[in-house]
Amino acid sequence: MRALAQRCSLALAACGLAALLSACASGPGRSGQSELTTSSDQTSAQKRAGIRMQLAVGYYEQGQQEVALDEIKLALQADPDFADAYGMRALIYVAMGQTALAEDNFQRALKLAPNHPDLSNNYGSFLCENGHPAQAIAYFEVALKNKTYQSPGKALNNAGACSLKMKDYASAESYLLRALQTMPDVPATNANLARVYYQRRDYERAGFFIGRLMKITTMESLTADVLWLAIKVQHKLGDVGAEAGLATQLRRHHSASPEYAAYQRGAFDE
């Protein structure tokens, strides 16, 4: 479940953290900004910074992190108040495993643009993935309260996944059902809702969302923990055929996983 949520959410995203790239899709964050910046408002330096930013995003997506860092440096040389550039640099550092540097750059970005919804969502995802789920929720809420936010489904799904980590199933259900209204065909949303209802022993509803999940994705794309969840749901529902079919997929795609080992020993209630 966690791996699937990461691929889609963080966004993060991530999916897992790849979805955090949404920070770079918005207009540049500026310190003291009271109106949205459009191209006619930008100075020549800000336009140069924006071009460097786009290049950095491209290199980031290609896995060329050091080159992406160089482009961010040039963007910030042109425009030191470019909040999204700090946010992008945070994502690059996340990809490089430099957690402390990522934290520092998220903080610098949010100091420049404290109400930036994408930055808030991205930082929330970062916090949740690094052991601070309770703190993360506050940042998701900042993103959701911003009326200009164009991707509330991402923050809702991330908040739901984070609530699941805290075993706050009521909040997780609320966030995820709201996410479902805006983004009904996101696999992570449906998988996480199945997890919520399985934990609450509402196996019929869990089975409903497993069924939705199977319609919107492929077996090859499902992670071992999601397939194991689906197997456990079908086991509780007494559908022997569906359980066996899912077990075959788990063995075929994840035979070395702890989840398959758990299935082999019949650990349905661990």
#### Entry: GluC sites (Glu not before Pro) lying in DSSP loop within segment 49-142, provided at most 16 other Cβ fall within 10 Å
none
### Task
Please list the equivalent ellipsoid semi-axes of segment 33-119, computed as the square roots of five times the alpha-carbon gyration tensor eigenvalues, in descending order and whole angstrom.
21, 16, 10
### Summary
With a 1.4 angstrom probe the carbon and sulfur portion of accessible area for the chain, in percent, totals 49
### Message
Given an 8 Å cut-off on Cα distances and at least 6 residues of separation, report the relative contact order of segment 162-270 as a percent.
### Response
18
### Rounded, prolate or oblate (a/c below 1.5 giving rounded, otherwise prolate when a/b exceeds b/c) for segment 103-231 by Cα gyration tensor
prolate
### Summary
In segment 149-184, the trypsin sites (Lys or Arg not before Pro) that sit in a DSSP loop and have at most 13 other Cβ atoms within 10 Å of their own Cβ are LYS167
### Query
Modelled label-to-label distance, ALA244 and GLU204, 7 Å Cα→beta-carbon offset: nm?
2.7
### Message
Taking R0 as 45 Å, what FRET efficiency do you get between ARG252 and THR148 from their Cβ-Cβ distance, rounded to the nearest 0.05?
### Response
0.50
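Kindly provide the helix-only [θ] at 222 nm of the chain, computed as the sum of -39,500 (n - 2.57) over DSSP H runs of four or more divided by all residues, to the nearest 500 deg cm²/dmol?
-21500 deg cm²/dmol
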### Query
What are the principal axis extents of the Cα atoms in segment 142-190, in Å, biggest first?
30, 24, 12
## Note on the structure
Mean shadow area (nm²) of the C-alpha convex hull around segment 67-164 is 6.1
## Note on the structure
FRET efficiency for SER174 and VAL67 from the Cβ-Cβ distance with R0 = 41 Å, rounded to 0.05, comes out at 0.45
### Query
Once all Cα-Cα distances of segment 157-223 are split into 10 Å bins that start at 0, what whole-number percent is in each one?
25, 55, 20, 0
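The values are calculated or read from the model by the stated rules, or taken from the named source; none is laboratory data. A quick note: this is a predicted structure, and the numbers were derived from the prediction, not measured. When we count neighbours, we look across all protein chains shown, and the Cβ atoms used for this are built from the backbone with ideal geometry, even at glycine. For the accessible areas, the whole protein counts, side chains as well, though only heavy atoms, and no ligand, DNA or RNA atoms are used. Shrake-Rupley method; radii C 1.70, N 1.55, O 1.52, S 1.80 Å.
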